[in-house]
Amino acid sequence: MNRRKLLRLLSQGLALGSFAKLSSATGQAPSPRSFSEKSFESMKTLGAPLREYGERSEFEKEVVRYISPNLRTRHSGADFTPLEKLEGVITPSSLHFERHHGGVPSVDPAEYRLVIHGLVERPLMFTLQDLKRFPSVTRTYFIECAGNGQNGYRNPPDPTLTATRSRGLMSNSSWTGVPLAILLKEAGVKAGARWLIPEGQDAAAYTRSLPLEKALEDVLVAYAQNGEALRPEQGYPVRLVVPGWEGSIQVKWLRRIEVADAPVMSKDETSEYTDVMADGTIRAFTWVMDPESIITYPSGQQAISRGFHEIRGLAWSGHGRIRRVEVSLDGGNSWKQASLEGPLEPLAAVRFKYNWVWDGKPTTIMSRATDEAGNTQPTPEEFFARWGRNNRYHYNAIQAWHVGADGKVLNGDKALPGALAPSRLGAAGRGGCGGEA
Ligand SMILES: Nc1nc2c(c(=O)[nH]1)N[C@H]1C(S)=C(S)[C@@H](COP(=O)(O)O)O[C@H]1N2
Ligand SMILES: [Mo]
C-alpha cells in the first residue's frame, strides 16, 4: 500500500473514530476481567469437526420466520421474513417468506418435466438437465406478496406491530435460471399469442396468466437461489421469477406453460389477488409493486437507549431502482436524506442508513422511498384516497414507529395523516393472503 493511500485510510478511520466518540458509542475501557472464565474454555479443548452441510450458530435459533398463531391451516397461508433480525440485503434462503395455496410438494428432480405448448410452432418438453444447458442469468430480485402491508388496512393500527409483521412478506435473493424468452424462442411463439398460462405442480394446481410481453423482457425460469438449488418452499426444482411484479404471479414448482391468446381467469387470479376498489368495482391484474420502505432498526417491539443509533432499513420498488429514501425523526415535520448502500440494482431491495442521536424525547420516526420512475410512497391518507379501504392488497403507505420516553418502540402509524379513517377490515384484520389475523 502506498503512503498516500495509507494516510487517506487513516484519516477516514480517525474521522469515524472521533464521530463515534462524539456520539457516545458503546465501547468501554478493558480490564483483566473483561473476558469471563467460561470464555477461555473454547481455547482449551478441540473445536467441532468439519461437517458436510453448514448450520447456523446454536445461539441464533430464535431468528425464525413469523407464523401467525391465528392461522386456520399451515398449508394454505403465509409466513413472514424476520426483517428486523437480518442485515444487508440478501434474505437467507431458510428465512425467505413462504406463501403456499396447497402446501409444499416434494418434486423429484429426476422426474421433473417442464412442458411448453399451446400457440407455438414446436411444443417442447424439458428436463432439469435440459434447462441447465441453456445460457444462464444470475440476478438479485425481491419477491413480495401482494398482501404485504395488509396490516396497514387495520383500524385502529395494531400497536404491537413489528417490522416482520408490517412488511415481512418481502424477501430478496440472488436467482439463477434461464430467461423464459430463450425457451419461448426455441418453441417458436405463433402470431396471435399474447398470454402465458404457467401452472404449478402443487396440490393447488396453482395457475396464473402472464402477459407475453413481460415474459420476453426479463422473466427467469429459475432453478437456483442464493447459489444453491431452490429451497422446496421457493419452488424446487424450478419456479418463475417475474422481477418487480407481485409474488403471486411467480409460479413455483413450474410444470407447464401454455401459450395463449387470452388470460385464463383462474381461481388464483379471480378469487384472490384482485383489488376491491372504493366503489366496489374489482380491479384485476395489478402486477407492478409500488415503492416501499421500512425502518428495521429501531422498529416495533425493540427498545433503544439515549444517544447514537444508526437507523437502518430496506427499500424496494417494482418500477426499477430506488432513487432516494428520506427519513423523518420528528413525526413527518421534516425529512432528511438517508444514505443508500450500493450497488443499486433495479427491482432489488436496497439498504438505507441514517446516523441519529436520540435525545431521549418521545418522537415518531418514519421513512419514505422514491423510485427512479418518480413514484414516492404515499401517506395512508394519500394511499386510501387512491385505493379506498375495501381492499387488502398492495398497501405501500409509509410505516411509522413511535419511540417512547422509555425507549420502547411501538407502531406509530396513528400519527400519520389518514391512518384513523374508518376501515372495513376493522382492528382484527381479515386474514387472507398474508394469513395474518
Ligand atoms: N405453484 C404455486 N406457486 C405460487 C404459489 C402457490 O401457492 N403455488 N403462491 C404464490 C404467491 S401468492 C406468492 S406471494 C409467491 C411466494 O413465493 P415464496 O413462497 O417463494 O415466497 O409464490 C407464488 N407462487
Ligand atoms: Mo402472494
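The values are calculated or read from the model by the stated rules, or taken from the named source; none is laboratory data. Keep in mind that this is a model prediction, so the values were computed, not measured. Reconstructed Cβ throughout: ideal geometry from the backbone, glycine too, with neighbour counts over all protein chains shown. When the accessible area is computed, the model is the full protein with side chains, heavy atoms only, and any ligands, DNA or RNA have been set aside. Shrake-Rupley method; radii C 1.70, N 1.55, O 1.52, S 1.80 Å.
Element breakdown for segment 20-132 at a 1.4 angstrom probe: carbon and sulfur atoms account for 56% of the accessible area. Solvent-accessible area assigned to carbon and sulfur over segment 292-424 amounts to 47 percent, based on a 1.4 Å probe. Calculation over all alpha carbon pairs of the chain in 10 angstrom steps from 0 returns a P(r) of 4, 19, 28, 24, 15, 8, 2, 0 percent. Whole-Hz Karplus values for segment 218-223 come out as 8, 6, 10, 8, 9, 10 Hz, taken residue by residue from phi with 6.51 cos²θ - 1.76 cosθ + 1.60 and θ = phi - 60°; glycine and proline positions read x. Per-residue SASA remark: Met265, around 100 Å² accessible (1.4 Å probe; ligands, DNA and RNA not included). Along the chain, counting only GluC sites (Glu not before Pro) with a DSSP assignment other than H, G, I, E or B and at most 14 other Cβ atoms inside a 10 Å radius, the longest segment between sites is 122-437.
Here the accessible area is traced with a 1.4 Å probe on the protein chains. For segment 179-247, carbon and sulfur cover 51 percent of it. Compactness of segment 42-104 is given as radius of gyration and Dmax, 16.2, 52 Å, from Cα positions. To the nearest ten degrees, helix 3-22 and the longest principal axis of the Cα atoms of the chain are 70 degrees apart. A cut-off under 15 angstrom between Cβ atoms defines the neighbours of Lys267, and their net charge, with Lys, Arg +1 and Asp, Glu -1, is -4. Distance from the alpha carbon centroid of segment 204-263 to that of segment 142-164 works out to 25 angstrom. Taking label points 7 Å from Cα along the Cα-to-Cβ direction, Ile182 and Arg194 give a separation of 3.0 nm. Note on Lys132: lysines with a C-alpha under 29 Å away, same-chain residues under 8 apart excluded, are Lys185, Lys190, Lys214, Lys252.
For the chain, the solvent-accessible area works out to 48 Å² per residue, with a probe of 1.4 Å and every protein chain left in place.
Extents of segment 233-288, largest first, come to 42, 25, 18 Å (Cα atoms, principal axes, whole angstrom).
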